[in-house]
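The structure under discussion appears below in the form of structure tokens.
The values are calculated or read from the model by the stated rules, or taken from the named source; none is laboratory data. All values derive from a computational prediction rather than experimental measurement. Ideal geometry is used to build each Cβ from the backbone, glycine not excepted, and the neighbour counts take in all protein chains shown.
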Amino acid sequence: MSKSFILFTVALICSLWCCSLQVKRQSDYKSKGENRTLNYAKGFAICDFGSYRKISVADPWQQSSKVSFEYYLVDRDKEIPAGLEGQQIIRTPVKGIICLSTSHIGFLSAIHELLSLRGLSGAGFVSDPEVQKAVTEKKVLDVGYDQGINYERILGLKPDLIMAYGVSGDVTGFINKLHDLGLIVVLNGEYLEATPLAKAEWIKFVAAFYNKDKEAAAYFSMVEANYNLIKNQVAGAKNHPVVMTGLPFKDAWWMAGGESNLAALIRDAGARFLWNDNHSREAFVVSLEEVVVRSTKADFWINCGTVNNMDELISADSRFAAFPQVIKKCIFNNNLRLSPGGGNDYWERGVVRPDLILSDLVKIFHPDIDSSKVYNFYKKIE
């Protein structure tokens, strides 16, 4: 046996061994999955395994801890991979969806998938004109909410997917009942995110069910760039006005948490939230008496429920007449764009366009930086 033949054989074996090692590494890589990049959102994750994707949702309701749900997305034209038996399989792209929150409509609109909407909760409170038209023409049906959910109607609509949300752990009972009926439910926890951009990034979550990852990434990048541009415009502002929010409802004043996305919006707009000392992401109840005391330190009052004018505000409680924001007429509400039924675009389009909300707040808090009075979602209460 020649020396050259021996060297050739050794080289060939090494080459095959290296190729085998490379294939094994690639196989191991896919078995572990590739995490899709998320810049802000903490409530969900997307992992790509090549032949399928796994979406994980963590702690999707208030005060939940170490709670998680997993959904496995497999393209319609592919076989279900081995090893996924017993998992929650969702065939993509979904063709029919039921949304149990009108805020989900903003996500569908942004990725041009409103035609997939089959049903929703609170159809009378929709702001989007296209969805309003579909409701009028009975192409989209109201399926009720809470104890009034119409399970028979939901079954009749034959949705590929039901997108729900949870305020408390009680939502699991509702989900289990839908599962028993053979329906697929996913939980969307966007409202629990700590920042407006994190909340808006849930567009990537919704888009994954439609195989529109690239479209969602491009849309979010546009919003992110615009948001940060506006934020940087007020970063050096010397004046930081103090802002209070909300309105009592049934004798309870639910105040946004000091670490909530609304508080973050106020900070990014160059202002300071009145309850900045609170360290919760979730809303909490404060007494009207405490609000009366703290209100003396606030320069602006925003997001005051369904109020349209000063008379409506004072009729809610006569003590408001003495609030400095009322006297100075420094009150702005986020209900500029309302549908005839009371649907508020702030809670639909505003979810995916926090840059437009931020633009409004900068105009309100810093007219020296942006003197325009043309708002997207806000109006002055007079």
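Tabulated data for the structure shown
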quantity	calculated
Any chance Asp251 is of a type in the set (Asp, Glu) and at pLDDT 95 or above	no
Qualifying residue in region 114-129 (condition: aliphatic (A, V, I, L, M) and surrounded by fewer than 19 Cβ atoms within 10 Å (Cβ to Cβ))	yes
Every pair of residues 6+ apart whose Cβ atoms lie under 8 Å, when the first sits in region 243-262 and is farther than 18 Å from Gly189 by Cβ while the second is of a type in the set (Lys, Arg)	Val243/Arg272; Met244/Arg294
Hits in region 303-334 - residues which are of a type in the set (S, T, N, Q) and part of a loop (DSSP other than H, G, I, E, B)	Asn303, Thr306, Asn308, Asn309, Asn334
Given (1) exposed (fewer than 13 other Cβ atoms within 10 Å of the Cβ); (2) modelled with pLDDT of 95 or more; (3) among the charged types (D, E, K, R), number of the condition Asp146 does not satisfy	(2)
Region 63-75, residues that are assigned to a strand (DSSP E or B) and surrounded by fewer than 20 Cβ atoms within 10 Å (Cβ to Cβ)	Ser68, Phe69, Glu70, Tyr72, Val74, Asp75
Contacts under 9 angstrom Cβ, first residue in region 272-285 being under 19 Å from Ala252 (Cα atoms), partner among the basic types (Lys, Arg), 6 or more apart	Leu274/Arg294; Leu274/Lys297; Trp275/Arg294
Counted residues, region 335-373 - those being in a loop (DSSP other than H, G, I, E, B) and surrounded by 24 or more Cβ atoms within 10 Å (Cβ to Cβ)	2
Glu289 vs. criteria of a type in the set (Asp, Glu), touching a residue at least 12 places away in the same chain (Cβ under 8 Å) and either exposed (fewer than 14 other Cβ atoms within 10 Å of the Cβ) or in contact with a Ser or Thr (Cβ under 8 Å, 6 or more places away or on another chain) (or both)	no
Out of Ala207, Ala194, Ala200, sole residue that is under 24 Å from Tyr346 (Cα atoms), touching a helix residue (DSSP H, G or I) at 6+ places or on another chain (Cβ under 8 Å), small (Gly, Ala, Ser) and surrounded by fewer than 21 Cβ atoms within 10 Å (Cβ to Cβ)	Ala194
